[in-house]
Amino acid sequence: MIHHSEIRSASILIVDDQETNVSLFEQLLSDAGYTQVASTMDPTTVCELHRKNRYDLILLDLQMPVMDGFQVMECLKTNIYDAYLPVLVITVQPGHKLRALQAGAKDFISKPFDLVEVKTRIHNLLEVRLLYKELESYSKVLEAKVVERTAELRESEARYRSLTELASDWYWEQDEQMNFTKVSGPVLEMLGIRVDALAGDVEEMIEEGWNEDERKKLQATINARQPFLDFVFSRVHSDGSAQKFQVSGEPMFDRSCRFIGYRGIGVELTSK
């Protein structure tokens, strides 16, 4: 909710080429308790004034020489810092009301003025305007928090990778097609994986001697998109030497909960 005092301290610009009308609105707004009221009788200055001051409400007469109210509104739309056009138009012609609303005005008041109606429309528009600004401010704060949190997560991720690489023989990542996208450490020699230096692709070289039961069990876990901890698998080389490895991994998902691959660490347990 917007407090009554916030509405009374909102900034207002009166735009009318008739001095009597300007004086009338200044007196009306002053009597209603508004404290930040400015005015101009030159419509060509409105856009620049609004860019500098970002008024919460502009009382705009439609019929003015040199530059009418419709032209002023078109100019105001070029202000990239203000997505909300805070304009209350003043018109004596009923046919101009719809056109003014289509041009971007938020409301209108007709001549001759009903002072109670004028005060009510001004109050209501200012309340909406201030709520809009409050929402905009909140969105910026939220966006800043998201950026800050994203940076923290990236830093945490980098720290995690650094620690896992130090605590293991290798660190690995795979995409959703289970193609290796990153490997570090002596995994190439241990698992028979080679990297195409030119294409940047990582490919697995098929070697004999892997324990098929272990591989099928690991593959079933991966197909189910499940994490695995300290999974042990082994192979025997053609010369009779054996290797045993222990790996841990977890599936990765994006913000839409779509599976995008696996990451994990591994160590060689024995080498004979």
Quick check on the range 128-147. Is at least one of its residues charged (D, E, K, R), closer than 24 Å to Phe70 by Cα, in contact with a helix residue (DSSP H, G or I) (Cβ under 8 Å, 6 or more places away or on another chain) and in a helix (DSSP H, G or I)?
no
A careful count of residues in the range 52-99 that are among the hydrophobic types (A, V, I, L, M, F, W, C), under 20 Å from Gln18 (Cβ atoms) and modelled with pLDDT under 85 gives 1
State which residue is surrounded by the most Cβ atoms within 10 Å (Cβ to Cβ) when the search covers only the range 230-254 and only residues that are within 36 Å of the chain's Cα centre (by Cα) and more than 18 Å from Phe180 (Cβ to Cβ).
Phe253
Options Val72, Val37: the member that is touching a Ser or Thr at 6+ places or on another chain (Cβ under 9 Å) and not in a helix (DSSP H, G or I)
Val37
For the condition among the aliphatic types (A, V, I, L, M), closer than 30 Å to Leu29 by Cα and at pLDDT 65 or above, what is the one hit in Val141, Val128, Val146, Val183?
Val128
Of the residues that make up the range 77-86, is at least one aliphatic (A, V, I, L, M), part of a loop (DSSP other than H, G, I, E, B) and surrounded by fewer than 13 Cβ atoms within 10 Å (Cβ to Cβ)?
yes
Within the bounds of the range 34-48, is there any residue that is under 17 Å from Lys119 (Cβ atoms) and aliphatic (A, V, I, L, M)?
yes
Mind checking which residues of the range 1-31 are touching a His at 6+ places or on another chain (Cβ under 8 Å) and either under 16 Å from Leu115 (Cβ atoms) or not in a strand (DSSP E or B) (or both)?
Ile7
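The values are calculated or read from the model by the stated rules, or taken from the named source; none is laboratory data. Worth saying up front: this structure is predicted, and the values here are computed from it rather than measured. Methodologically, a virtual Cβ is constructed for each residue, glycine included, from the backbone with ideal geometry; neighbour enumeration extends over all protein chains shown.
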